[in-house]
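Peer 1: Submitted below is the structure of interest, expressed as structure tokens.
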There are 4 protein chains.
Amino acid sequence: MSPPAVRGDNPDSMDQWRTAIVRSEASAIWIHGHDVTELMRQVSFADTVFLLHRGRLPDERERKLIDAILTSVADHGPGAPSCAAARLVASGNRQSISAAIAAGILAVGDEHGGAGERCMTMIADGLADAQHRSVSIEEAAAAAVEHRIEAGERVPGLGHRVHRTVDPRVEVLFSLARDGNEEGAGVRFMRAVHAAACERIRPLPMNIDGALAAVLFDLGFPAEAGKFIFIIGRVAGLTAEVAEEYAREKPMRVQIPVQYDGQEPR
Amino acid sequence: MSPPAVRGDNPDSMDQWRTAIVRSEASAIWIHGHDVTELMRQVSFADTVFLLHRGRLPDERERKLIDAILTSVADHGPGAPSCAAARLVASGNRQSISAAIAAGILAVGDEHGGAGERCMTMIADGLADAQHRSVSIEEAAAAAVEHRIEAGERVPGLGHRVHRTVDPRVEVLFSLARDGNEEGAGVRFMRAVHAAACERIRPLPMNIDGALAAVLFDLGFPAEAGKFIFIIGRVAGLTAEVAEEYAREKPMRVQIPVQYDGQEPR
Amino acid sequence: MSPPAVRGDNPDSMDQWRTAIVRSEASAIWIHGHDVTELMRQVSFADTVFLLHRGRLPDERERKLIDAILTSVADHGPGAPSCAAARLVASGNRQSISAAIAAGILAVGDEHGGAGERCMTMIADGLADAQHRSVSIEEAAAAAVEHRIEAGERVPGLGHRVHRTVDPRVEVLFSLARDGNEEGAGVRFMRAVHAAACERIRPLPMNIDGALAAVLFDLGFPAEAGKFIFIIGRVAGLTAEVAEEYAREKPMRVQIPVQYDGQEPR
Amino acid sequence: MSPPAVRGDNPDSMDQWRTAIVRSEASAIWIHGHDVTELMRQVSFADTVFLLHRGRLPDERERKLIDAILTSVADHGPGAPSCAAARLVASGNRQSISAAIAAGILAVGDEHGGAGERCMTMIADGLADAQHRSVSIEEAAAAAVEHRIEAGERVPGLGHRVHRTVDPRVEVLFSLARDGNEEGAGVRFMRAVHAAACERIRPLPMNIDGALAAVLFDLGFPAEAGKFIFIIGRVAGLTAEVAEEYAREKPMRVQIPVQYDGQEPR
């Protein structure tokens, strides 16, 4: 315990910030050593996303999976909290596109769009547990489910309020992720979690958060990537939803029905 | 002048919100009529971005340009206001990835990342003026520059505080945009604006905002797309910068040097 | 037109930021020269708000008006876009109180909570016009209304979707603002705008934005204060609404009814 | 574990939202049963803040403490992450006051402005521990410090990067909080935590977050209030800092010094 550490201590100047991502000079910009003009000519945006986060360009299968994940979460309609928040802000504040998009992103948390991050932690912990105890993935997954039931917590990556039986995106993503006939350890762990939860709790679909978490884990991403990648994909949808709000709707159109159940006027 | 319009007026319920972008049902999701699982299998994220905003998939040249634009603006280092704001928020608030990314987006305005939108308006107005007055693109561009000089306004799309002579991304983007030997009217207009400004003001580079505005205009996007597309690209960089901040830096590391020049203590 | 001006030009260091508001040293903090510990002992928060924005403490009447304005806009229920956005974000992201409050503030714009700023500009321009043309406040106000009708713009500060006949806060604020029997020029101008609009358009109430704008103008605040003061007051309500959302509601509770009216599945 | 709960399930309509805070009708608004026009006439903004969060008006001592706390955290200069983030956003986006203020709030987290919330939890747990184990406040506080040292965690509410020996606001707040000669259990617990930490770790000042947490605890507020009240106070300072940024500084003025230490260009 100590007062917040500061790299420099001179109130009259600021230490340089450091970065290993982008180098920018008068005549060139590099991302992890790649000239950005070469990237513009030769790679896709999904490649750039992968490069920014991993420090190297992806191979073809990796790129395909990033593309599929970003597309899978791009938009789910105006009713998702992120889109609804973006549209509400656009409704009261037509002056700032940035404000509306930012509000949409702020709605992303553990309950919405953030399950991927928690799944990735559950997968990492579960596979470490399997190795440590020398048990099968299935046993470790069942233990992870049991543990959450006892703690009164949700199992992340399962259930969806619209796709109540099957989330159609899940198996498509898993089929794209298959390397020959092999499925990665992350995918196998999430399948086992799903099976255990259906048996111990009740039939529930795996959702796209659970699926993308498994695939990102197998691609070697850290847990936070579950949220970062969701946000990158969702921003595409948020921009389109806000554009539609501006084009089709009047300001202040939203009328929330409210019931007051507090103290009576005195 | 009237009180804010509301579609419905019953305080006990809310009208349905409408959208023409996404349809979501228990077993399927469509984006502008395309099943999202088909999109996951067959298209890239740049295709999805184009589809969300234009209602159809792009052809190969269109996709290539969206990819190049998104990559060109993805990251310019931690010193850009968007990245600096995201890192500062990450520095005081480690609990919320969303908060840091949202703060980065909030820094996007007319002065940073928003010049594309103003350029697109200038291009549209300038080309309408050329047609209306039956003058050349060069004459209309010179008039647009003159007009801004008289009004004491900046010409959008020119100048860059790092790339003071040439922004290396501009000609690469224009070369990708060339359709055979043809350049679009938007590109030709921005080239003419650039030439006129160099003559009337002083030598200045066209910047990436000016270039992407010209290309998006020629692709048929509305002016606001200048900001929407910038934001989609930049979010990729913001996520990587925030990930690096978490990984490499301590909370509260930033020490801004401050000089007080107000009233003396009384 | 020139590349963005920067005070310093050395990429290896940052110039000091300057401020005339707060001086902070190891053993003391001053706001505009007032020791913050003295302020804590002796003044109210409304005094501090006034001091921060005006560089001096208010007199009793000024403080009373700041208190009344802040209270008048503190909360208008969960249906206002600011509160609804804050609650929606709280609904998807329980991890960050800051994210929910920030989203609420982002909904504040010209259409919601921002009319005060536009009113203050209208008042300043109108009173300058009256003086310049040597006409009465009533004539200048009628001209301002006429001008907006011709331009197809709303007259700011009038109309309210809940308080359709009378906004009960308006006359209370004006009565508190009266100095003896005198009303300030800002209040008289807004009363004249109101009268002219009722005659030329249709009977409409003045709303609290119009009233606080008139009073803040008469107190000598600049136009932007219309938005700043609204935000300070509203944040109090946003914090209470978010606290209630956490206490009473489940995450992801909001179900927006959506109707799709776009392209059919292909 | 179940799919997200939704109160209603009809996709064609939305359930009413409920609130016990504000009732709004055509001719009147009440906050917890108090007519807002009466509040405007009779109470201060600190009263309204208390009323919104507690459902009743404060007595004189309670009001005085809310005023003092809000003033104590209102502004600490442009170098605090919240103010720096607000100014950076104002620097790139001059179009939206809301965006700048929101960015400032987003920087508030456990590391900045959020220690109050963690302190309040520590106090509540510690006092429960004292009662449960029938030990003195001093013993429970020493145990809380010990526990954090063992867990490698910071003790919240201690240390400040500017006020390294004494935070001058702390004793002033505690003196205002004293009821006769009595100090509340929260204040006594934080004093004991401070003493234990100075002995076990090293001399460190209690900071304002620790002090306001103790006082809010003794006033009966829940832990989250530590963050809510900080935000309400700080927004006053953020608005003044942003107003100064607009008035005195050019857009894009900030030049962050950056050092690249990543992969070499290839």
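The values are calculated or read from the model by the stated rules, or taken from the named source; none is laboratory data. Here the structure is a predicted model, which means the values were calculated and not measured. All Cβ positions, glycine included, derive from the backbone under ideal geometry; neighbour counts span all protein chains shown. When the accessible area is computed, the model is the full protein with side chains, heavy atoms only, and any ligands, DNA or RNA have been set aside. Shrake-Rupley method; radii C 1.70, N 1.55, O 1.52, S 1.80 Å.
Peer 1: How many percent of all Cα-Cα pairs in the protein assembly as shown sit more than 56 Å apart?
Peer 2: It works out to 12 percent of all Cα pairs.
Peer 1: Considering only protein heavy atoms and a 1.4 Å probe, what is the carbon-and-sulfur percentage of the accessible area of the range A:1-143?
Peer 2: The nonpolar share, carbon plus sulfur, comes to 45 percent.
Peer 1: Considering only protein heavy atoms, what is the solvent-accessible area of D:Ser136 at a probe of 1.4 Å, reported in Å² to the nearest 10?
Peer 2: Answer for D:Ser136: close to 40 Å² accessible.
Peer 1: While we're looking at this one, here's another question. Please build a GNM for chain B, connecting alpha carbons under 10 Å apart, and tell me which residue among B:Val187, B:Val242, B:Val22 fluctuates the most.
Peer 2: Largest GNM mean-square fluctuation: B:Val22.
Peer 1: Right, here's the next one. Here are some pairs, A:Lys227/B:Lys250; B:Lys64/B:Lys250; C:Lys64/D:Lys227; A:Lys250/D:Lys227; B:Lys64/B:Lys227; which of them have Cα atoms lying more than 30 Å apart in this structure?
Peer 2: Working: A:Lys227/B:Lys250 21 Å; B:Lys64/B:Lys250 39 Å; C:Lys64/D:Lys227 27 Å; A:Lys250/D:Lys227 35 Å; B:Lys64/B:Lys227 19 Å.
Cα-Cα > 30 Å for B:Lys64/B:Lys250; A:Lys250/D:Lys227; rest within.
Peer 1: Dipole of the range B:110-225 (Lys/Arg Cβ +1, Asp/Glu Cβ -1, origin at the Cα centre): which of B:His194, B:Val166, B:Ala144 lies farthest to the positive side?
Peer 2: Of the options given, the answer is B:Val166.
Peer 1: Ok, one more. Mind jotting down the three principal axis lengths of the range B:4-100 based on Cα atoms? Whole angstrom, largest first.
Peer 2: Taking max minus min along each principal axis of the Cα atoms, the range B:4-100 gives 47, 44, 30 Å.
Peer 1: With θ set to phi - 60°, apply the Karplus curve 6.51 cos²θ - 1.76 cosθ + 1.60 along the range D:200-217 and write out the HN-Hα couplings as whole Hz, x wherever there is a Gly or Pro.
Peer 2: 7, 10, 5, x, 9, x, 6, 9, 5, 4, x, 5, 5, 4, 4, 5, 4, 4
Peer 1: To the nearest 10 square angstrom, what accessible area does C:Glu139 show with a 1.4 Å probe?
Peer 2: 100
Peer 1: Next question. Per residue of D:166-179, what is the mean number of Cβ atoms on other protein chains within 10 angstrom of that residue's Cβ?
Peer 2: For this peptide, the per-residue mean of nearby foreign Cβ atoms is 3.
Peer 1: Can you run phi through the Karplus equation (6.51, -1.76, 1.60; θ = phi - 60°) for the range C:144-160 and list ³J(HN,Hα) in whole Hz, with x for Gly and Pro?
Peer 2: 5, 5, 4, 4, 6, 4, 4, 7, x, 9, 5, 8, x, x, 10, x, 7
Peer 1: Just give the residues from the range C:99-115 buried by at least 10 square angstrom of accessible area in the all-chains context relative to the isolated chain, probe 1.4 Å, and say none if nothing qualifies.
Peer 2: C:Ala99, C:Ile101, C:Ala102, C:Ala103, C:Ile105, C:Leu106, C:Ala107, C:Val108, C:Gly109, C:Asp110, C:Glu111, C:His112
Peer 1: Taking each label point as 7 Å beyond Cα in the direction of the beta carbon, state the distances from A:Cys198 to the same residue in the other copies, shortest first, in nm.
Peer 2: 6.3, 6.6, 6.9
Peer 1: What are the distances, in nm and sorted shortest first, from the label point of A:Glu150 to the label points of the same position in each other copy, with each label point placed 7 Å from Cα along the Cα-to-Cβ direction?
Peer 2: Copy-to-copy label distances at A:Glu150, shortest first: 2.1, 7.9, 8.0 nm.
Peer 1: A further question follows. Please provide three numbers in whole Å: the alpha-carbon extents of chain B along the principal axes, with the largest listed first.
Peer 2: Here the Cα extents, ordered largest to smallest, are 66, 55, 48 Å.
Peer 1: Other chains near C:63-74: what is the mean number of their Cβ atoms within 10 Å of each residue's Cβ? Working shown, then result.
Peer 2: Values: counts 2, 3, 1, 2, 10, 10, 2, 7, 17, 6, 1, 10.
For this peptide, the per-residue mean of nearby foreign Cβ atoms is 6.
Peer 1: Rounded to the nearest 500 deg cm²/dmol, what is the calculated helix-only ellipticity per residue at 222 nm for chain C, with -39500 (n - 2.57) per DSSP H run of length n ≥ 4?
Peer 2: Mean residue ellipticity at 222 nm (helix-derived): -17500 deg cm²/dmol.
Peer 1: Can you pull out the buried accessible area for chains B and D, both sides counted, probe 1.4 Å, rounded to the nearest 100 Å²?
Peer 2: 2900
Peer 1: So, one more: Mind listing the long-range amide H neighbours of B:Arg18? Cut-off is under 5 Å, sequence gap 5 or more, other chains count too, H placed in the peptide plane at 1.01 Å from N.
Peer 2: C:Gln259
Peer 1: Quick one: Cα centre-to-centre distance for the range B:21-60 and the range A:233-266, in angstrom?
Peer 2: That distance is 25 Å.
Peer 1: How big is D for the range C:114-266, in µm² s⁻¹ as a whole number, if Stokes-Einstein is applied with the Kirkwood radius of its Cα pairs at 4 °C and 1.567 mPa s? Spell out each step's value before the answer.
Peer 2: Working: Rh = 17.5 Å.
Translational diffusion coefficient: 74 µm²/s.
Peer 1: Under a no-solvent Debye model with one identical scatterer per Cα of the range D:98-138, what's log10 I(q)/I(0) at q = 0.27 Å⁻¹?
Peer 2: The computed values of log10 I(q)/I(0) come out as -0.84.
Peer 1: In nm to one decimal, list the spacings between the D:Ser27 label point and its equivalents in the other copies, with label points set 7 Å along Cα to Cβ, shortest first.
Peer 2: Nearest to farthest, the other copies are at 5.7, 6.2, 7.8 nm.
Peer 1: Starting from the amide H of D:Ile29, placed 1.01 Å from N in the peptide plane, find each other amide H under 5 Å away whose residue is 5 or more places distant or on another chain.
Peer 2: Correct list: D:Val36, D:Thr37.
Peer 1: Another question about this same structure. Provide a whole-number value for the mean count of partner chain Cβ atoms within 10 Å of the Cβ atoms in peptide D:225-232. Walk me through the numbers before you get to the answer.
Peer 2: Numbers: counts 2, 1, 5, 9, 2, 3, 9, 10.
Taking all residues of D:225-232 together, the mean is 5.
Peer 1: Based on the alpha carbon coordinates of the range A:127-180, what radius of gyration and maximum Cα-Cα distance (Dmax) apply, in Å?
Peer 2: 14.4, 39
Peer 1: I've got another one for you. Using a Gaussian network for chain D with springs between C-alpha atoms less than 10 Å apart, which of these wobbles most: D:Ala236, D:Ala46, D:Ala247?
Peer 2: Between D:Ala236, D:Ala46, D:Ala247, it is D:Ala247 that shows the largest mean-square fluctuation.
Peer 1: Just to confirm, what accessible area per residue do you get for the range D:18-133 at 1.4 Å probe, in whole Å²?
Peer 2: The answer is 26 Å² per residue.
Peer 1: I'd like to compare D:60-66, C:168-174: which one has the highest average count of other Cβ atoms within 10 Å, and what's the full order after that?
Peer 2: Highest to lowest by the protection proxy: C:168-174, D:60-66.
Peer 1: Could you give each residue of the range C:134-139 its phi-based ³J(HN,Hα) in whole Hz, using Karplus coefficients 6.51, -1.76, 1.60 with θ = phi - 60°, and x for Gly or Pro?
Peer 2: Karplus-based 3J(HN,Hα) across the range C:134-139 equals 6, 10, 6, 4, 5, 5 Hz.
Peer 1: Principal axes first, then extents: for the Cα atoms of the range B:163-240, list largest minus smallest coordinate on each axis, whole Å, largest first.
Peer 2: Each principal axis gives a Cα extent; for the range B:163-240 these are 40, 29, 22 Å.
Peer 1: Between C:Ile31, C:Ile229, C:Ile123, which gets the highest mean-square fluctuation from a Gaussian network model of chain C, Cα cutoff 10 Å?
Peer 2: Most flexible of the set in this elastic network: C:Ile31.
Peer 1: In whole Å, how far is the Cα centre of the range C:116-184 from that of the range B:197-220?
Peer 2: About 42 Å separates the Cα centre of the range C:116-184 from the one of the range B:197-220.
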